[in-house]
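Worksheet: the structure to be examined is printed underneath.
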Amino acid sequence: MAMSLMMRRGAKGATFPRVAMVFRRGYHEVVHDHFNNPRNVGSLDKEDSNVGSALVGKASCGDVIKLQVKVSKDGVIEDAKFKTFGCGSAIASSSYATEMIIGQKVEEASKIKNTDISSHLKLPPVKIHCSVLAEEAIQAAIADYKEKQSVQSVSP
Amino acid sequence: MHLSVGTMRSWIRMRGLSRHLSRPCGRGSVHTSSGLTRRGAFQSLRCFSNEGFQCPACGAPSSPLVCRSCGRLHESSSSGSFFELLGSSTQSTSSEDPRSEQYLRGETSRGGQLLQGRPFVESHQDLQRLLHPDRHVAGTEEQRELADSHSAHVNEAAAVLRSPLRRAQYWMELNGQKILLEEQRIEDMQTMMEVMETSEELDAAKTQSEVDGLRQRNRSKIESVESELSEIFKHEDWMTARHRVERLQMLTRLQERMDDWRPK
């Protein structure tokens, strides 16, 4: 319950003592860190042909993750940004996901599994689904990028 | 989680069972009910008809949970859906489709705020009065336990009917539609973007009056989804309904955030 009421507090990393206390009680320090200081919050130019965008939402909890990747000419993800509407674990998951994929090759990033995220964040079993959504966001962003690229290569 | 899907499912399972057990029957026939009895005990339940339940103790027409005349509590398995329990089931409905009419009667909660004087508010209070522990201090232990469990059941029913989101979800589940499931993904891109934008506006808000403005706007969106839903439910267009409920889910989450907002 407490978790579901906690939402993204913006990129500034503002801390809220009451929230932070609740957090410390049940969640691992890493989640806490990503929640209070989310990395790579923001947007990329979605019209850019080197940018892949994803918007995924889960019906059961109403969490929404927007994730974007910017891919260099040699197929490396040079930047990634996210915005998440959802609970602390969803924010932490997407924050960590962007951190993970920056600097990776697209092929490498598309192999990331939700368990890579959840084990790093040490998410409790009831919050594993948040990392699933983050994984899907990575996949969808890469798929969008690939689609843009293929369209581009067809039409000169 | 604000949505207790598990609880709801178990209520529905009970309801399914209870419907089976409370088939219309000849006056006075005895059914064996194992549906809602606690401690796994089998108990005989006297059932009179599908329309009205009569108190086995005094014979007066009674709510399936508690007799309005003698105050006797029933170990009932036939309280039906929450709509039947708290809706004005005693009022006749002239509609062609009395089932969606039930949903419409529940529609009077606006943005999650119950309007006083509406049928189900009254029957909620009415039932809670009859189930109040003070009324049953002199009763047997079994009667006191029934008062407790019925009271919880009635409160759960009121909580579901009062929340636009839970009511819609419950209505769909009653109609065999499983929604807001773990594996389902929201398809309504427009609402997702809209929610993201509003969420950012909320993050940027500095004063209570700004938040109140957003809240007002969001509440009217919830209200319009509600009235859309009651139309959609009439036509049993479940796919559209599912998308609308998903929108309602996101708007409700936003509303909760706005309600929790405190100046930084």
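The values are calculated or read from the model by the stated rules, or taken from the named source; none is laboratory data. Quantities reported herein were computed from a predicted structural model and do not represent experimental measurements. Positions of Cβ are generated from backbone atoms using ideal geometry, with glycine treated the same way; all protein chains shown enter the neighbour counts. Just the protein is used for accessible areas: all its heavy atoms, side chains included, with ligands, DNA and RNA removed. Shrake-Rupley method; radii C 1.70, N 1.55, O 1.52, S 1.80 Å.
Is it true that B:Ser209 is more than 10 Å from chain A (Cβ to nearest Cβ) and free of Cβ contacts under 8 Å to residues at least 12 places away in the same chain?
Criteria met by B:Ser209.
Out of everything in the range A:47-67 that is more than 7 Å from chain B (Cβ to nearest Cβ) and touching a strand residue (DSSP E or B) at 6+ places or on another chain (Cβ under 6 Å), what residue ends up being surrounded by the fewest Cβ atoms within 10 Å (Cβ to Cβ)?
Per the stated criteria, the residue is A:Asn50.
Return the residues of the range A:68-105 that are crowded, with 21+ Cβ neighbours inside 10 Å, among the hydrophobic types (A, V, I, L, M, F, W, C) and more than 12 Å from chain B (Cβ to nearest Cβ); say none if nothing qualifies.
A:Val69, A:Val71, A:Ile77, A:Ala80, A:Ala92, A:Ala97, A:Ile101
Could you pull out every one of the helices (runs of 4 or more DSSP H) wholly within the range B:116-230 that has 3 or more residues that are open to solvent by 50 Å² or more (accessible area, probe 1.4 Å)?
Ranges flagged: B:119-131, B:141-162, B:189-204.
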